[in-house]
Every structure is written in C-alpha cells, then in structure tokens.
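Right, one structure below, let's go through it.
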C-alpha cells in the first residue's frame with residue numbers, strides 16, 4: 001500500500017556552502033520521535049521509532065547530507081557547487097519533512113507526479129515551501145500548509161542549530177586568531 005510518486009522535473013539545489021549545516025540540521029531531526037511515522041518497535045523499557053524509509057539511527061550511518069537524502073530515496077548529483085536532486089521514484093514517505101527542515105538552505109523547485117496522474121510543484125524559496133497545482137498555469141494552493149506543526153518545531157530546531165553553528169564558527173575563528 002501507499003501512494004507512489006516520482007519527480008517530473010527538479011531544480012532543487014543545496015549550495016555547497018550549506019552542506020555542513022544541512023547535515024547537522026537533518027541529524028538533529030532524529031531527536032524528535034513524535035515526528036517519526038515509519039514505524040516503531042517497543043518492549044519493556046524500550047521504544048524505538050524511525051522515519052519512513054530511514055534507518056532508526058541514520059545519523060550514525062550517513063556521513064553527510066547527500067547520504068541522508070539518498071537514504072530517503074532521492075537521487076542526488078553534485079554539480080555547479082551544489083547538491084541537486086534529480087530523481088525520486090517510490091512511495092511517499094517523509095520527504096517533505098526532511099526538505100522543509102532544511103528549506104532555508106535550499107533553492108529551486110520539484111514537480112511531483114503521483115501514481116494517479118496528479119501533479120504538483122513544491123517551491124523552496126529559502127524561507128517557506130509553497131505548493132502549487134497545475135491548471136493551465138501553476139496555481140498556488142491556499143489550503144496547503146505542509147506539515148505545519150513540523151514547520152513550527154523545525155523553526156525552533158533551525159534556530160537552535162544556527163545558534164550552535166554560529167558558536168562553533170566563533171570558536172573556530174577565535175582558535176585561528178590565537
């Protein structure tokens with residue numbers, strides 16, 4: 001069961017200068033069990049959860065953002081000083097959550113097509129994800145707010161990650177200056 005989708009067209013890119021920050025933010029996402037919809041396993045004193053299509057402890061298995069995106073099912077290529085997403089052909093999982101988490105670091109769009117022929121475009125403008133549906137032109141969806149609760153929580157996560165990265169950069173600069 002599930003709904004199969006594939007990428008019709010994509011210009012989505014993660015600029016090289018954001019690789020480390022994207023990896024950090026995507027790894028931090030694993031701390032939030034409430035967002036994991038892939039499955040769970042429990043027993044006395046043990047409750048393990050994971051995201052759709054992802055290993056339970058994917059940060060220990062993936063050494064960079066590209067490996068995380070590929071584990072999600074994306075085909076990525078590094079070109080023109082950016083990591084670009086070219087392909088996805090599988091059941092919908094939690095791709096939107098992972099991409100929305102790093103939205104401030106991305107630019108471009110993905111045109112999706114579902115197994116029933118439905119077509120939509122997610123546009124990443126560096127701040128939000130806007131969804132459009134095809135008519136004779138692309139029409140913005142006024143009712144799509146994405147995984148809004150995820151966005152709220154991810155905004156907090158991005159703020160925390162940016163602060164941590166800023167502190168790390170300041171520490172590195174202080175070390176270089178000493």
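What follows is calculated from the coordinates using simple rules that are stated; it is not laboratory data. No experiment lies behind these values; they were computed from the predicted model shown. Cβ sites come from the backbone with ideal geometry, for glycine too, and all protein chains shown count toward neighbours.
With a 10 Å radius around each residue's Cβ, average the other Cβ atoms per peptide and rank 114-127, 33-46, highest first.
On the way: 114-127: 14.0, 33-46: 10.7.
In descending order of packing, they fall as 114-127, 33-46.
Report the calculated FRET efficiency for residue 67 and residue 9 (r = Cβ-Cβ distance, R0 = 30 Å), to the nearest 0.05.
The formula returns an efficiency of 0.80 here.
How high is the relative contact order of the range 1-112? Use alpha-carbon pairs under 8 Å, at least six apart in sequence, and give a whole percent.
Details: 179 pairs, mean separation 50.0, N = 112.
Relative contact order of the range 1-112: 45 percent.
Suppose the chain between residue 176 and residue 140 were pulled fully straight at 0.36 nm per residue; how much longer would it get relative to their current alpha carbon spacing? Write down the numbers at each step before the final one.
On the way: separation 36, 0.36 × 36 = 12.96 nm, distance 4.79 nm.
The span from residue 176 to residue 140 would gain 8.2 nm if fully extended.
Among [x] 1.09; [y] 1.18; [z] 1.26, only one was calculated for this model; which label is it, if the read-out is Cα Rg over 2.2 N^0.38 Å?
Label [x] holds the value from this structure.
In what sequence, highest mean first, do 95-102, 58-65 appear when ranked by Cβ atoms within 10 angstrom?
Answer by packing, highest mean first, reads 95-102, 58-65.
Say each of residue 113 and residue 167 gets a label point 7 Å from the Cα, pointing the same way as Cα to Cβ; how far apart are those two points in nm?
Label-label distance for residue 113 and residue 167, simple model: 4.8 nm.
Which order, highest average first, do 161-169, 71-79 follow once you tally other Cβ atoms within 10 Å for each residue and take the mean per peptide?
71-79, 161-169
Grab the DSSP H runs of the chain that are 4 residues or longer, score each as -39,500 (n - 2.57), total them, divide by all residues and round the 222 nm result to the nearest 500 deg cm²/dmol.
Value at 222 nm, helices only, nearest 500: -10000 deg cm²/dmol.
With 10 angstrom as the radius, rank 86, 18 by how many other C-beta atoms surround their C-beta, starting from the fewest.
If I rank by nearby Cβ atoms, fewest first, I get 86, 18.
For residue 47 and residue 32 in the same chain, what is the full-extension length gain: residue separation times 0.36 nm, less their Cα-Cα distance, in nm?
Net length gain for the segment: 4.1 nm.
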